[in-house]
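The values are calculated or read from the model by the stated rules, or taken from the named source; none is laboratory data. Computed from a predicted model, the values in this text were never measured in an experiment. Counting neighbours? That spans all protein chains shown, and the Cβs are built from the backbone with ideal geometry, glycine included. Side chains are part of the model used for accessible areas, which takes the heavy atoms of the whole protein and leaves out ligands, DNA and RNA. Shrake-Rupley method; radii C 1.70, N 1.55, O 1.52, S 1.80 Å.
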Amino acid sequence: MRIVVDAMGSDAHPVPDVAGAVMAAREFGEAIILVGDEAQVQAELANQDIDGLQIEVRHASETIEMTDKPGEASRAKKDSSMHVGLGMVKRGDADAFVSAGNTGGILAVATLHTLRRIRGIKRPALGVLFPTLERPMLIDNGANADCKPQYLLQFGLMGSLYVERVRGIERPRVALLSNGEEEGKGNQLIKDT
């Protein structure tokens with residue numbers, strides 16, 4: 001597997017981004033492609049022990065910062081680390097993209113400029129694996145502030161497929177989080193869903 005890591009994603013980029021990528025390459029043995037300002041990334045790689053690891057660097061001249069407005073930045077910064085990395089996934093030059101960067105920026109670049117949405121899916125959703133023993137997945141942890149029942153159904157389907165295919169759990173249980181277990185609890189969206 002070839003995994004692209006946005007080396008310019010975190011607030012303190014590229015230090016933690018590169019360190020985490022090196023740790024992942026060592027632990028999982030996967031090929032890592034660091035995308036970002038090549039001079040900065042190479043300088044940080046020089047501080048790491050990368051002997052025997054499959055790590056390469058791809059230059060991107062721009063960075064979508066945490067303070068950038070996602071839609072504007074996704075249009076204006078076409079050579080951002082997000083555009084370059086997600087473009088690699090789109091072309092089949094990489095299998096996955098990881099970033100600790102501007103969440104709205106990632107969604108805008110992915111859905112509007114590179115990967116697009118899955119046909120029939122109305123809204124993208126973020127998935128987070130909880131760092132607990134069973135590692136449950138939470139889908140759409142706040143990225144979509146204004147949802148409809150159809151969106152929540154689609155989020156559940158996408159999360160279920162991910163858990164089934166990536167984590168190997170047959171027929172994973174899907175649940176809807178609300179503010180209580182009593183019948184009738186929850187807002188109208190929860191009840192309608």
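Remark: region 35-193 carries a charge dipole of roughly 920 debye about the Cα centre, counting +1 on each Lys and Arg Cβ and -1 on each Asp and Glu Cβ.
Of the GluC sites (Glu not before Pro) found in region 67-170, those that fall in a DSSP loop while having at most 13 other beta-carbon atoms within 10 Å are E134, E170. Charges were assigned to the Cβ only: +1 to each Lys and Arg, -1 to each Asp and Glu. The resulting dipole of region 1-85 about its Cα centre is roughly 300 debye. An oblate overall shape is assigned to region 48-177, the ratio a/c of its alpha-carbon gyration tensor axes (a ≥ b ≥ c) being 1.5 or greater and a/b not exceeding b/c. Here the accessible area is traced with a 1.4 Å probe on the protein chains. For region 1-140, carbon and sulfur cover 53 percent of it. When the helices of the chain are scored as -39500 (n - 2.57) per DSSP H run of n ≥ 4 and the total is divided over every residue, the value at 222 nm lands at -10500 deg cm²/dmol. Note that the chain presents 61 Å² accessible area per residue, ligands and nucleic acids not counted, probe 1.4 Å. Considering only Q188, L138, A110, and ranking their Cα positions along the charge dipole of region 81-193 that arises from unit charges at the beta-carbon of Lys, Arg, Asp and Glu, the one farthest toward the positive end is A110.
With the charge dipole of region 1-142 set up from +1 on Lys and Arg Cβ and -1 on Asp and Glu Cβ about the Cα centre, the Cα lying farthest toward the positive end among the listed residues A43, V98, G120 is that of G120. Here's the picture: charge each Lys and Arg Cβ at +1 and each Asp and Glu Cβ at -1 in the chain, and of G29, H59, V174 the one pushed furthest to the positive end of that dipole is V174.
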